[in-house]
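Notes to accompany the following structure.
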Amino acid sequence: MMPEKEFMERVRVTCGRVAPLWPLSHFVAVNPFVGFVEQRFARVAESFKRIQKADVVLPRDWFRAKYASGAIGLGDLRVAVAGTSPEVLESFEAAGETLSVERLVALLEVAPDADDGYEQTCAFSAFMDSREGTQWQHIIREEVAKWCAAYDDEGQSSWKFPWKDLSLYSGWKAAAAIDRNPELNGLLGFRRFVADLPDEPGAVLALAVTTLEVPENRIEALLYRILMTLPGWAGHLRYKDRELELRGEVGSSLLQLLAILLSYDLALFSIHGADTGRLLGWQRHLEEAITEDGSLPIPFDLAQRLVWQGALEHSFEETLRFSLKPCRVAGSTGERPDVQAVFCIDVRSEVFRRSLESTGASIQTIGFAGFFGLPIEHSVPGLGGWQARCPVLLIPPVRTVDSRAGIEASEFDQLLFQRVDARESKRTWKRFKEAASSCFTFVETMGLSYGVELVKDAFGLGGKTVTDRGAPDFLDTLPLDARCDLAEGILRGLGLLENFGRVVLFCGHGCATRNNPYASGLDCGACGGHAGDANARLAAALLNQPDVRAALADRKVGIPEDTVFIGGLHNTTTDAVTLFDESAADPAVMDRLRGSLEQAGALCSMERAVRLGTAASERAVLNAVRSRSRDWSQVRPEWALAGNAGFIVAPRAWTAGADLKGRVFLHEYSAEKDPGGWVLESILSGPLVVGSWINLQYYASATDNAHFGSGHKSIHNVVGGIGVALGNEYDLRPGLPFQSVHDGEKLVHEPLRLHACIAAEPEVLDAILARQESVRQLVENEWIHLFALGADGRLWAKRQRDGSWAKKTFSPTLARSDPRV
């Protein structure tokens with residue numbers, strides 16, 4: 001047996017492979033392949049197909065339809081063939097095929113080989129099932145998931161787990177030692193076996209590896225496959241560990257889950273492992289069934305699909321290339337705008353910004369990460385808890401709270417009392433409905449009283465109005481230098497150092513839906529799965545502070561006295577914008593702004609109606625689109641970020657004339673205003689990574705929703721308030737619902753890897769990638785495509801897997817019609 005320290009390090013690395021799964025209260029998109037970004041995209045696609053039977057690329061039939069429709073052209077195929085990775089070329093050679101455009105097209109008509117040779121989870125229980133036709137895997141998964149749900153429940157259950165004050169492993173051990181269910185399923189003596197297990201989960205892992213005689217070169221592979229027994233619960237516990245690790249602590253929840261899973265296998269092995277035939281078969285299974293990652297060629301069918309995927313992505317690349325118009329910068333007048341509206345880079349903001357600019361008002365729009373440079377941990381008094389309203393890559397160093405600003409003290413105290421009273425009343429009513437003494441008579445006595453509410457909910461009537469909670473404020477008094485640093489960071493990140501408008505609007509975004517467990521997934525990802533109103537209002541309040549402005553002036557950032565910063569919130573479900581703290585702004589400018597926002601919202605709703613399948617008169621369309629936010633039966637209140645495929649970091653003037661169809665993240669950037677490259681590096685290491693997480697979650701949920709998504713909404717079952725299962729299944733579902741990427745007839749989200757187009761020179765990007773290892777891995781291992789546009793936009797160069805740049809002639813005067821974008 002290897003030294004304990006080395007063994008536990010290998011366990012830690014294995015646990016780090018699992019993608020975290022955020023709770024429903026602040027569900028954020030995560031890259032499901034985050035633990036494998038140091039490997040090539042093609043190689044990971046092969047591993048997931050082999051280990052989990054999960055498809056990372058869509059089937060050939062889908063690409064055949066794309067080719068027939070003209071979405072993929074012969075030119076796209078030629079580029080994809082020329083840029084094929086070595087792994088894919090090896091697969092063609094192993095199949096005795098020559099990779100060419102003509103052969104790829106011909107192979108579309110050849111049926112793929114049947115799926116075979118794929119591995120199971122490779123636990124001893126799975127070995128028993130495959131050998132003897134038992135159902136131990138099902139029994140073990142159900143048992144472990146049951147205890148995970150009981151332990152991690154966040155208030156959904158009326159009866160609490162008695163050992164919740166212990167660790168997960170210790171709580172499970174206490175519960176399992178008195179639970180007869182495994183023994184009733186045939187695992188004889190299980191309670192006694194559990195009582196004799198070591199108290200430390202690490203010792204259980206070491207015992208399992210020794211007892212099961214796992215070869216040293218198979219340990220990590222076996223442990224990862226066992227964690228994939230319950231990938232949803234593994235993801236949730238990985239999230240809990242990750243939160244502790246970000247704060248410099250050590251998390252062990254996932255390690256404890258692994259110990260629990262292996263405990264059942266150990267118990268099973270103690271009963272059946274003594275048989276010589278089984279033991280020899282198990283040892284052979286460990287050597288033959290668990291293959292090393294990267295040791296097998298990519299299956300030929302998958303290799304073909306990878307080339308077609310590259311061709312489709314090249315088609316989108318060309319669309320982006322001819323959408324940019326960098327020559328527009330030279331024509332800028334530099335006139336002072338009435339309003340500068342700062343929106344999140346979210347792809348939904350692209351539609352709203354384009355609509356707002358089309359109203360003809362004097363409005364300049366700017367794209368910026370939706371937490372607006374304020375990494376805050378926010379609290380709403382009376383509602384309890386803290387919300388990290390910043391990207392999940394960060395730990396919020398600043399605490400804020402909804403204050404009494406703008407609300408009379410008596411009114412604020414009354415509002416606080418109402419919140420607490422409503423929360424306690426809801427809990428009391430829930431306990432009454434579910435109590436053993438009252439639950440059987442509740443429906444008979446109170447059922448009819450719910451009729452009115454059901455009718456109102458069914459027709460979207462009587463929606464609750466949103467009450468102004470009061471402006472957010474810093475919980476602790478920050479010194480002037482700290483506030484000025486925050487303010488300067490915001491303005492430099494925006495590139496807004498001069499020519500300020502009369503009104504500067506920070507417009508966050510959030511959703512409004514009913515009966516939707518995934519509602520937070522429609523909110524702002526840059527705000528950690530929360531609405532962006534608190535960040536927007538706080539940024540505005542900070543930049544309105546007289547002492548901050550005076551200190552900024554000393555730093556050569558002069559804000560005119562008549563410039564007023566205000567906050568706002570864009571409801572992405574209804575496209576209505578609520579403005580906050582606007583009393584100091586010019587009334588005439590505000591009247592024009594409100595009119596433009598209302599007009600832009602109507603234009604957005606009309607555009608979204610086409611994607612949502614709503615067609616009628618303008619008024620009917622607006623009512624139909626906006627009523628979706630109040631309809632508790634609506635499975636698609638909005639399309640959120642479906643369709644995302646591009647990430648442009650450049651001046652807005654370069655894209656102002658393009659209709660990007662809500663498929664592109666837009667981040668404002670000017671190389672001229674960032675001579676040291678600090679702003680660009682912060683964009684690439686922050687918003688771009690978050691954008692790639694969003695992109696790859698949508699990508700995977702579209703290519704294989706059964707493995708990477710959360711299935712059909714109609715059978716979602718909320719578990720413990722932290723996740724969903726499908727019907728009576730036991731595991732949590734890891735990704736997006738089927739309805740988030742599919743309209744019932746076709747995919748609405750076309751799975752493409754993110755195309756990052758950066759207004760910078762290749763050497764500048766090379767220097768940043770040399771410092772940012774995680775970003776370099778995303779690029780060189782082909783998880784995202786990186787393009788250098790040059791500081792003046794006259795370049796189009798794609799970074800290759802070997803670190804070189806492939807340049808194309810950029811001709812912005814050419815046009816390309818593409819119905820997809």
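The values are calculated or read from the model by the stated rules, or taken from the named source; none is laboratory data. Given the structure is predicted, the values throughout are model-derived calculations rather than measurements. Cβ atoms come from the backbone with ideal geometry, glycine included; neighbour counts cover every protein chain shown. We work out accessible area using only protein heavy atoms, side chains counted, and drop any ligands, DNA or RNA first. Shrake-Rupley method; radii C 1.70, N 1.55, O 1.52, S 1.80 Å.
Some notes on this structure:
- Cβ-Cβ contacts under 8 Å between residues 6 or more apart (or on different chains), taken from a first residue in the range 471-493 that is closer than 16 Å to His378 by Cα to a second residue that is modelled with pLDDT under 95 and of a type in the set (Ser, Thr, Tyr), are listed as Ala471/Ser403; Pro472/Thr400; Pro472/Ser403; Asp473/Thr400; Asp473/Ser403; Phe474/Thr400; Leu475/Ser379; Leu475/Thr400.
- Looking across the range 521-572, the residues that are touching a Gly at 6+ places or on another chain (Cβ under 6 Å), open to solvent by 10 Å² or more (accessible area, probe 1.4 Å) and assigned to a helix (DSSP H, G or I) come down to Ala526, Asp533, Arg537.
- Residues satisfying the stated conditions in the range 796-821, i.e. modelled with pLDDT of 95 or more, within 21 Å of Ala671 (Cα to Cα) and not in a strand (DSSP E or B): none
- Reported count of residues in the range 162-190, each being farther than 27 Å from Lys240 by Cα and out of contact with any Pro (no Cβ under 8 Å at 6 or more places or on another chain), is 11.
- Residue match in the range 554-564 (condition: in contact with a helix residue (DSSP H, G or I) (Cβ under 7 Å, 6 or more places away or on another chain) and small (Gly, Ala, Ser)): no
- The range 31-78, residues that are in contact with a Gly (Cβ under 8 Å, 6 or more places away or on another chain) and over 20 Å from Phe300 (Cβ atoms): Pro32, Gly35, Gln39
- Checked against (1) under 30 Å from the mean Cα position of the chain (by Cα); (2) at pLDDT below 95, Ala80 passes all but condition (2).
- Listed by first and then second residue, the pairs with beta-carbon distance under 7 Å, at least 6 apart or on different chains, first residue in the range 65-80 and without any contact (Cβ under 8 Å) to a residue 60 or more places away in the chain, second part of a helix (DSSP H, G or I) and surrounded by 13 or more Cβ atoms within 10 Å (Cβ to Cβ), are Leu74/Val101; Arg78/Val101.
- Residues of the range 1-40 classified as assigned to a helix (DSSP H, G or I) and open to solvent by less than 50 Å² (accessible area, probe 1.4 Å), total: 10
- Identity of the residue in the range 774-795, in contact (Cβ under 8 Å) with a residue 40 or more places away in the chain and assigned to a helix (DSSP H, G or I), that ends up surrounded by the most Cβ atoms within 10 Å (Cβ to Cβ): Leu778
- Applying the condition of being in contact with a helix residue (DSSP H, G or I) (Cβ under 6 Å, 6 or more places away or on another chain) and β-branched (Val, Ile, Thr) to the range 233-292 and asking which residue is nearest to Phe190 (Cα to Cα) yields Ile260.
- Against the list (1) surrounded by 13 or more Cβ atoms within 10 Å (Cβ to Cβ); (2) more than 29 Å from Trp22 (Cα to Cα); (3) free of Cβ contacts under 8 Å to residues at least 12 places away in the same chain, the condition Ala203 fails is (2).
- Selection from the range 478-510 of residues that are open to solvent by 30 Å² or more (accessible area, probe 1.4 Å) and either assigned to a loop (DSSP other than H, G, I, E, B) or not acidic (Asp, Glu) (or both): Leu478, Pro479, Leu480, Ala482, Arg483, Leu486, Arg492, Leu497, Glu498, Asn499, Arg502
- Odd one out for Ala551 among (1) under 28 Å from Cys390 (Cβ atoms); (2) more than 29 Å from the chain's Cα centre (by Cα); (3) modelled with pLDDT under 95: (3)
- Options Leu593, Leu603, Leu622, Leu666; residue that is of a type outside the set (Val, Ile, Thr) and under 16 Å from Cys344 (Cα atoms): Leu666
- Residue check for Leu261: open to solvent by less than 40 Å² (accessible area, probe 1.4 Å), more than 30 Å from Ile395 (Cα to Cα) and modelled with pLDDT of 95 or more: yes
- Scanning the range 68-78 for residues that are surrounded by fewer than 21 Cβ atoms within 10 Å (Cβ to Cβ) and part of a helix (DSSP H, G or I) yields Ala68, Ser69, Leu74, Gly75, Arg78.
- Here the range 755-773 is the region considered, the condition is being within 24 Å of the chain's Cα centre (by Cα) and more than 22 Å from Arg663 (Cβ to Cβ), and the residue that is surrounded by the fewest Cβ atoms within 10 Å (Cβ to Cβ) is Glu773.
- Wholly within the range 358-411, strands (runs of 3 or more DSSP E) carrying at least 2 residues that are open to solvent by less than 20 Å² (accessible area, probe 1.4 Å) and modelled with pLDDT of 95 or more: 363-368
- Within the range 220-233, residues that are among the acidic types (Asp, Glu) sit with their Cβ atoms under 7 Å from residues that are at pLDDT 90 or above, at 6+ positions apart or across chains, in these pairs: Glu220/Arg10; Glu220/Val13; Glu220/Thr14.
- Condition broken by Val679, with the remaining ones in (1) part of a helix (DSSP H, G or I); (2) crowded, with 24+ Cβ neighbours inside 10 Å satisfied: (2)
Matching residues to (1) touching a strand residue (DSSP E or B) at 6+ places or on another chain (Cβ under 8 Å); (2) among the basic types (Lys, Arg); (3) at pLDDT 95 or above:
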{"residue": "Ala620", "(1), (2), (3)": "no, no, no"}
{"residue": "Val635", "(1), (2), (3)": "no, no, no"}
{"residue": "Ala645", "(1), (2), (3)": "yes, no, yes"}
{"residue": "Pro651", "(1), (2), (3)": "no, no, yes"}
{"residue": "Tyr669", "(1), (2), (3)": "yes, no, yes"}
{"residue": "Ser692", "(1), (2), (3)": "yes, no, yes"}
{"residue": "Tyr699", "(1), (2), (3)": "no, no, yes"}
